[in-house]
1. So what's the angle, to the nearest 10 degrees on a 0 to 90 scale, between helix 125-140 and the longest Cα principal axis of the chain?
2. From a point 7 Å beyond the Cα of ALA193 in the direction of its Cβ, which residues of segment 122-141 have a backbone N at a distance under 13 Å?
3. For segment 57-66, just list the computed ³J(HN,Hα) in residue order, Karplus coefficients 6.51, -1.76 and 1.60, θ = phi - 60°, integers in Hz, with x standing in for Gly and Pro.
4. Only sites in a loop by DSSP and with at most 12 other Cβ atoms within 10 Å count here; which trypsin sites (Lys or Arg not before Pro) in segment 44-147 make the cut?
5. Over the chain, what is the mean sequence separation of C-alpha contacts under 8 Å (at least six apart), divided by residue count, expressed as relative contact order in percent?
6. Who wins for biggest fluctuation among THR34, THR135, THR162 in a Gaussian network model of the chain, springs between alpha carbons below 10 Å?
7. Using 0.36 nm times the number of residues separating ALA22 and THR38, minus their current alpha carbon distance, what extension gain do you get?
8. How would ILE55, ILE23, ILE81 line up by accessible area, probe 1.4 Å, largest first?
Amino acid sequence: MTGTTGTTTTSPLRAVLKDLRAIDGAVYAAVAATPTPTLDTGLRRLSTAANNSKISFAVAASLALFPGRPRRAALTGLGAIAVASASANLLGKRLVRRPRPDREAARVVVGRHVPMPDSASFPSGHTASAVAFATAVGVVLPPAAVPLQVLAMGVGYSRVHTGVHYPGDVAAGAVLGIASAVVSLVVGASLTAAKGK
């Protein structure tokens, strides 16, 4: 939009997004600049172990060994991962196309590095899947809720710590994960109700 003086004005939404990107970048840089030698190896390993939802699949396999509620929790959790993964990778990343952070420019310690993915940065698929699984399983099997949510938060943070995601990518992944869990829970409840008829 051009004013009477011929200068271009910025829309309020665009200005807010610019500020949020600045905060996002500042938090990323602060994490990169904070020395945490005791945590670096563990978080790098956690980030790698979460590739392709391997941790969640292992937990689901363990739960599936027990009939009843644990097995139902495992199935619901796997459904949530499927929704989250498809939403993050087939929709979110293709629509937003946010570039990955410049890990070298931020001077992320080499000891933290995991392979930099080729996909877009927004949202974090690792976080979306981990949060989706933790939320869905936690609703069906409440005793598992806290440990799985702590694990999911660890996975999300590890993606920033290793330098492959901005904090905003992780936050968006978490929101997407919760929404995916809701979808899986609703579908699971509908199927259970249909079987009971």
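1. Compared with the principal axis, the helix lies near 40 degrees.
2. Within reach of a label on ALA193, which here means backbone N under 13 Å from a point 7 Å along Cα→Cβ, segment 122-141 contributes nothing.
3. Taking θ as phi minus 60°, the curve returns 5, 5, 5, 4, 4, 5, 5, 5, 5, 10 Hz for segment 57-66.
4. On the way: sites: ARG44, ARG45, LYS54, ARG71, ARG72, LYS93, ARG94, ARG97, ARG103, ARG107, ARG112; in loops: ARG97, ARG103, ARG107.
Of the trypsin sites (Lys or Arg not before Pro), the ones in loops of segment 44-147 whose Cβ has at most 12 other Cβ atoms within 10 Å are ARG97, ARG107.
5. Working: 292 pairs, mean separation 54.8, N = 197.
Computed over the chain, the figure is 28 percent.
6. Sorting by GNM fluctuation, first place goes to THR34.
7. Working: separation 16, 0.36 × 16 = 5.76 nm, distance 2.86 nm.
Taking 0.36 nm per residue and subtracting the Cα distance, the gain is 2.9 nm.
8. Numbers: ILE55 45, ILE23 105, ILE81 10 Å².
Per-residue accessible area, sorted high to low, gives ILE23, ILE55, ILE81.
The values are calculated or read from the model by the stated rules, or taken from the named source; none is laboratory data. Keep in mind the model is a prediction, meaning the values are calculated, not measured. Methodologically, a virtual Cβ is constructed for each residue, glycine included, from the backbone with ideal geometry; neighbour enumeration extends over all protein chains shown. Remember, those area values only see protein heavy atoms, side chains included, never the ligands or the DNA or RNA. Shrake-Rupley method; radii C 1.70, N 1.55, O 1.52, S 1.80 Å.
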